[in-house]
Amino acid sequence: MSARLSGRVALISGAASGMGASHARAFVAEGASVVIGDIADEAGAKLAAELGDAAVFTHLDVTRGADWDLAVATAVERFGKLDVLVNNAGILDAGPIGTYTEKQWQHTLSINLTGPFLGLTAARDALVSARPSSVVNISSAAGIQGVPGVHAYTASKFGLRGLTKSAALELAPHGVRVNSVHPGGILTPMLGAPEGTTLDRGANTLKRLGLPEEVTSLVVYLASTESSYCNGAEYVVDGGMTAGRA
């Protein structure tokens, strides 16, 4: 690695597994210090131990403002500052209109949309103090185009795309950039059973699912000063799924 994130301190939500763990490993390899936030305490602590002194785990339920406050305080107290926030935590569930419940709807939005808002709220002052800083919101290809039967997830990811833009406009004068990343089908636990992943393979121009590391490469770029002129934009990593029909 080339130490592209040398001296940076990042807080990554949902970082105990999947794409979040991929981001955490790459950030440390690129010279950053990382706060791993997740509700999976055992997996998160194990990853932090694997990464050594450059990483620390904190329990983070993204729907709880108090957990976010503690995570930000952990970054500042352990590493001296916070200049990168990666809102990665999210859930995916599905169900047709008519049977999908209000409880399911509220639960999905509380994690996928309210969570990033609470993260921005908790981290704002620390990010401004450490500027130039970067926020990377992990949305989805479902935040670019609709997906039938996946209503709350789609709505939450479109909402996160909008939150990214409003936050980018507000925070730019304070030295904080905010961008969104929109993965397509990626080989992570979120995709569920192997049968579902097989169906997704033909849904893009490259005829395969993506790897977490292929998303991570973009997240590293957006977290680094290499992307200093990038703000309020959507970055799609979907193998051409949203490009249109051939």
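Only the coordinates and a few stated rules stand behind these numbers; no lab work does. Because the structure is a prediction, the values reported are computed rather than measured. Heads up, the Cβs are rebuilt from the backbone with ideal geometry, glycines too, and the neighbour counts pull from every protein chain shown.
For Thr242 and Ala49, what is the calculated FRET efficiency with R₀ set at 25 Å and r taken between the beta-carbons, to the nearest 0.05?
Working: r = 38 Å, r/R0 = 1.53.
Efficiency, from the Cβ-Cβ distance: 0.05.
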- prompt: Taking the Cβ of Asp83 as the center, what net charge do the other residues with Cβ under 10 Å away carry, scoring Lys and Arg +1 and Asp and Glu -1?
  reply: +3
- request: Give me His182, His107 ranked fewest to most by other Cβ atoms within 10 Å of their Cβ, as a rough exposure proxy.
  value: His107, His182
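Let me check I've understood the local charge: for Ser129, count other residues with C-beta under 12 angstrom from its C-beta, Lys and Arg +1, Asp and Glu -1. What total comes out? Could the numbers behind the result be given before it?
Numbers: positive: Lys81, Arg124, Arg131; negative: Asp83, Asp125.
The answer is +1.
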query: For the pair Lys81 and His59, how long in nm is the line joining their label points, each one 7 Å along Cα→Cβ?
result: 3.1
message: Give me the net charge for the shell around Ser2: Cβ to Cβ below 11 angstrom, other residues only, Lys and Arg +1, Asp and Glu -1.
response: -1
message: Please list, ordered by chain and number, the residues whose modelled amide H lies under 5 Å from the amide H of Ala55; skip anything fewer than 5 residues away on the same chain.
response: Val34
field: Globularity index of the stretch 131-178, i.e. its alpha-carbon radius of gyration over 2.2 N^0.38 Å
entry: 1.32
statement: Ranked on Cβ counts within 10 Å of their own Cβ, fewest leading, Arg208, Arg8 go Arg208, Arg8
task: Obtain the nm distance between the two label points defined at Thr225 and Ser6 by a simple spin-label model: each point lies 7 Å from its Cα along the Cα-to-C-beta direction.
output: 1.1
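Sorting check: for 77-85, 108-116, which peptide has the highest mean count of neighbouring beta carbons within 10 Å, and how do the rest follow?
Details: 77-85: 20.4, 108-116: 22.6.
In decreasing order of mean packing, 77-85, 108-116 become 108-116, 77-85.
Taking the beta-carbon count within 10 Å as an exposure proxy, list Ser129, Ser156, Ser33, Ser2 from fewest neighbours to most.
Values: Ser129 14, Ser156 28, Ser33 23, Ser2 10.
Ranking Ser129, Ser156, Ser33, Ser2 by Cβ neighbours within 10 Å, fewest first, gives Ser2, Ser129, Ser33, Ser156.
Longer than 32 Å from Cα to Cα, which of Lys46/Lys165; Lys81/Lys165; Lys157/Lys207 are they? Say none if no pair is.
Numbers: Lys46/Lys165 35 Å; Lys81/Lys165 24 Å; Lys157/Lys207 24 Å.
Among Lys46/Lys165; Lys81/Lys165; Lys157/Lys207, the Cα-Cα distance tops 32 Å for Lys46/Lys165.
Fully extended, how many nm does the chain gain between Ser129 and Glu214 (0.36 nm per residue separation, minus their Cα-Cα distance)? Walk me through the numbers before you get to the answer.
Numbers: separation 85, 0.36 × 85 = 30.60 nm, distance 3.08 nm.
Computed gain between Ser129 and Glu214 is 27.5 nm.
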